[in-house]
Amino acid sequence: MASVLSHAQLNAQLAQGTVAPLYAVVGEEDLLRDVALGALKTALLGEGESDFNCDLFYGDDASGAEIVTCASEVAVFSARRVVVVKAADKLPARECDAVLPYLKEPNDSTAVIFVAPKLDGRLKFTQALLKAAVTVDCSPLREAQWLTWLKQEAERVGIRLHEEAIELLKEACGGSLYSVRRELEKLAAYVSPGQAVTAVDVAALRGTEPGASVFNLALAIGGKNRGRVLAILARNLEAGEAPLRILGSLAWQYRRLWKAKEVLQQGGREGEAAKTLRMDPSKARAFLEQFPDIHLQEALRLFLDADAKLKGGSAGRPARILEDLLFQLCDRVQPDAPPPSSRRGPEAPQPVRARTISNVRTITKGRQPRS
């Protein structure tokens with residue numbers, strides 16, 4: 001029977017020897033997807049993970065018929081075969097149709113693992129897959145889950161983290177679990193055995209100072225503090241951060257702003273929005289009010305433009321391109337004003353309501369927001 005498992009539940013099932021013929025490893029956190037896939041391959045094939053009984057396909061370059069053929073084969077010198085379909089969300093409709101019959105009667109000696117950041121629930125293939133498969137949830141971690149994961153990872157590499165070091169890691173790594181894992185592994189080699197890791201250690205190893213993270217950059221933009229914005233940018237560039245990475249981190253932070261604003265617009269509490277932003281709930285609403293919808297729309301256009309310039313070898317220096325971007329973000333339009341009093345007459349201008357667009361997730365060259 002189909003079910004949805006967390007990572008802990010998946011590990012518990014695998015430890016008991018419980019396996020399924022179909023898995024859907026789905027979620028936007030790439031590290032969690034990779035960890036789940038690794039756990040499944042190890043449990044099904046053993047520590048060696050023999051490639052002889054493992055086939056890998058990619059959805060944007062795969063044949064549904066070939067996937068089914070491989071999945072239907074008998075394992076050689078092993079109890080099971082494994083067929084992995086990465087980027088399953090990009091599997092063309094025709095190829096999806098070719099796989100549908102197999103989902104109804106899968107080969108019990110083969111585990112077919114479909115991996116994707118997200119699946120379109122409107123599609124017949126997705127509905128059939130999620131009905132037949134065991135789904136492993138790889139969604140981004142909530143605040144409490146993130147802290148638990150971080151402490152487990154720190155324990156794995158043998159270090160202890162001060163609270164301020166945890167906060168700086170969250171900000172400095174832009175929400176990426178892979179980035180946090182890399183920083184923890186570097187910290188384990190940097191600090192002396194038995195010494196607790198401080199924010200100074202994190203900053204020293206990254207080459208940045210506390211207060212120079214992407215969240216601090218957003219705070220400076222919110223306060224229209226041009227000097228602070230330039231200082232944070234300069235620190236990151238001097239520390240060797242790639243301009244595109246800085247731009248991507250800022251776009252990621254704006255995506256969090258979108259999500260937090262949507263929470264409040266839908267009647268949610270400040271606490272829920274604060275979890276998205278990972279900040280003090282008492283400060284969340286005031287912070288978000290500094291970023292009206294029309295500014296977030298314009299920011300998307302500015303991110304796309306800066307991305308094109310950085311990738312296209314623009315004549316301008318990368319630092320200047322980012323400086324121009326940050327100045328334009330600081331010079332944002334003001335939030336909509338309240339409706340004017342009727343005593344001012346019918347000619348008084350009415351406030352313009354901005355259309356909310358979808359979340360900013362990645363910067364895609366050539367895509368422009370609709371007018």
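The values are calculated or read from the model by the stated rules, or taken from the named source; none is laboratory data. Note that the coordinates shown come from a computational prediction; the quantities given were computed from them, not determined experimentally. Note that each Cβ is placed from the backbone with ideal geometry, even for glycine, and that neighbours are counted across all protein chains shown. Areas reflect the complete protein model, heavy atoms only, side chains present, ligands, DNA and RNA absent. Shrake-Rupley method; radii C 1.70, N 1.55, O 1.52, S 1.80 Å.
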Might you check whether a residue that is of a type in the set (Ser, Thr, Tyr) and within 19 Å of Val134 (Cα to Cα) occurs anywhere in region 53-70? no
Output the residue which, of all residues in region 192-202 that are at pLDDT below 85 and over 30 Å from Tyr254 (Cα atoms), is most open to solvent (accessible area, probe 1.4 Å). Pro193
From the list Lys283, Lys275, exactly one residue is closer than 20 Å to Gln145 by Cα, modelled with pLDDT under 85 and not polar (S, T, N, Q). Which is it? Lys275
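With Ala98, Ala36, Ala75 as the choices, which residue is hydrophobic (A, V, I, L, M, F, W, C), surrounded by 13 or more Cβ atoms within 10 Å (Cβ to Cβ) and part of a loop (DSSP other than H, G, I, E, B)? Write out each step before concluding.
Details: Ala98 fails: part of a loop (DSSP other than H, G, I, E, B); Ala36 fails: part of a loop (DSSP other than H, G, I, E, B).
Criteria check complete, one pass: Ala75.
Among the residues that make up region 135-144, is at least one of them part of a helix (DSSP H, G or I), touching a residue at least 24 places away in the same chain (Cβ under 8 Å) and more than 17 Å from the chain's Cα centre (by Cα)?
The first filter runs over region 135-144 and keeps only residues part of a helix (DSSP H, G or I), leaving 143-144.
Add one more test, that the residue is touching a residue at least 24 places away in the same chain (Cβ under 8 Å), and what stays is 143.
Checking which are more than 17 Å from the chain's Cα centre (by Cα) leaves us with none.
No - not one qualifying residue is present in region 135-144.
For region 238-249, give me each residue that is touching a residue at least 60 places away in the same chain (Cβ under 8 Å), surrounded by 16 or more Cβ atoms within 10 Å (Cβ to Cβ) and not polar (S, T, N, Q).
Of the residues in region 238-249, the ones touching a residue at least 60 places away in the same chain (Cβ under 8 Å) are 243-244, 246-249.
In the following step, the residues that additionally are surrounded by 16 or more Cβ atoms within 10 Å (Cβ to Cβ) were identified as 243, 246-249.
The answer is Pro243, Ile246, Leu247, Gly248.
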Which pairs have Cβ atoms under 7 Å, sit 6 or more apart or on different chains, and link a residue in region 276-301 that is closer than 14 Å to Gln328 by Cα to one that is among the polar types (S, T, N, Q) and modelled with pLDDT under 90? Arg301/Gln368
Could you please let me know if Leu150 is part of a helix (DSSP H, G or I), open to solvent by less than 10 Å² (accessible area, probe 1.4 Å) and farther than 30 Å from Ile232 by Cβ? no
Taking the condition out of contact with any Pro (no Cβ under 8 Å at 6 or more places or on another chain), open to solvent by less than 50 Å² (accessible area, probe 1.4 Å) and not basic (Lys, Arg), does Ser139 pass? no
Could you tell me which residue of region 1-16 is nearest to Val134 (Cα to Cα), considering only residues that are at pLDDT below 90 and either in contact with a helix residue (DSSP H, G or I) (Cβ under 7 Å, 6 or more places away or on another chain) or not polar (S, T, N, Q) (or both)? Ala2
Taking the options Glu171, Glu185, Glu167, Glu209, name whichever one is open to solvent by 40 Å² or more (accessible area, probe 1.4 Å), part of a helix (DSSP H, G or I) and modelled with pLDDT under 75. Glu171
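Under the condition of being more than 30 Å from the chain's Cα centre (by Cα) and part of a helix (DSSP H, G or I), which residue from region 101-120 is surrounded by the fewest Cβ atoms within 10 Å (Cβ to Cβ)? Step through it out loud before you land on a result.
Taking region 101-120 as the starting set, the residues that turn out to be more than 30 Å from the chain's Cα centre (by Cα) are 101-102, 104-110.
Those still in the list that are part of a helix (DSSP H, G or I) too: 101-102, 104.
Working: Pro101: 11, Tyr102: 22, Lys104: 9.
Per the criteria, the residue is Lys104.
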